[in-house]
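The values are calculated or read from the model by the stated rules, or taken from the named source; none is laboratory data. Please read these numbers as outputs of a predicted model, since none were measured by experiment. All Cβ positions, glycine included, derive from the backbone under ideal geometry; neighbour counts span all protein chains shown.
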Amino acid sequence: MNKGIVKYIRMEKSKKEIVVCSVPKQKWDMYYYNDPLEKIGHPHLLFVYLIDMKSRRVDQMFCFAVKQSRISSDTELFKYPYANVTNGSVCMGGNSLPTITDINQCATLHNLFFGSPSTNCYFDGHRNTSGITELRELYSKMQDTDFPDAWLLTEKITIQQLLEKQTKI
């Protein structure tokens with residue numbers, strides 16, 4: 001498996017697969033609506049994909065921030081500090097994800113998330129502790145700057161708890 005994939009679960013009964021991918025802390029080029037933004041600081045992220053084994057489509061995509069560099073079952077999950085994510089669930093708007101022909105594709109699917117326009121969807125002043133309530137202002141502040149982990153807000157769940165919840169589907 002690709003080095004970005006940190007966990008894989010195959011659920012024969014529900015015909016689903018779960019793939020957890022780790023994306024190190026870095027600066028991403030992205031879009032705010034149609035305006036290109038360069039080098040926006042992001043925390044270390046985990047993307048979790050729930051894949052239908054029959055259609056090979058991603059049924060659900062989650063995104064969480066993490067503070068730990070090594071991911072373990074007790075890794076605490078934090079809110080994605082920007083927009084288009086609520087309770088970890090990613091809103092891709094009208095953008096669709098490709099059919100998954102190889103699980104290793106999941107290690108790069110986050111590129112589609114960052115390449116899709118970010119909107120104000122699900123953004124409010126409670127996504128992080130920066131005190132910045134306007135998304136555009138937050139993006140400007142984080143341009144070419146490392147995201148401070150101290151700003152992250154907990155989702156009050158660990159990766160293990162999330163996976164247990166998803167495997168009950």
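Brief remarks follow.
- Among residues of the range 113-131, those that are outside any strand (DSSP E or B), free of Cβ contacts under 8 Å to residues at least 60 places away in the same chain and not β-branched (Val, Ile, Thr), counted: 10
- Only one entry of Thr133, Thr129 meets the criterion of being out of contact with any strand residue (DSSP E or B) (no Cβ under 6 Å at 6 or more places or on another chain), more than 18 Å from Trp28 (Cβ to Cβ), surrounded by 12 or more Cβ atoms within 10 Å (Cβ to Cβ) and modelled with pLDDT of 95 or more, and that entry is Thr129.
- Of the residues making up the range 70-103, those that are farther than 26 Å from Asn120 by Cα and loosely packed, with under 15 Cβ neighbours inside 10 Å are Arg70, Ser72, Ser73, Asp74, Thr99, Thr101, Asp102.
- Test set (1) closer than 22 Å to Lys3 by Cα; (2) more than 13 Å from the chain's Cα centre (by Cα); (3) buried (at least 19 other Cβ atoms within 10 Å of the Cβ) - Val20 fails condition number: (2)
- Answer residue from the range 92-109, given it is without any contact (Cβ under 8 Å) to a residue 40 or more places away in the chain and of a type in the set (Gly, Ala, Ser) and is nearest to Ile51 (Cα to Cα) among those: Ser96
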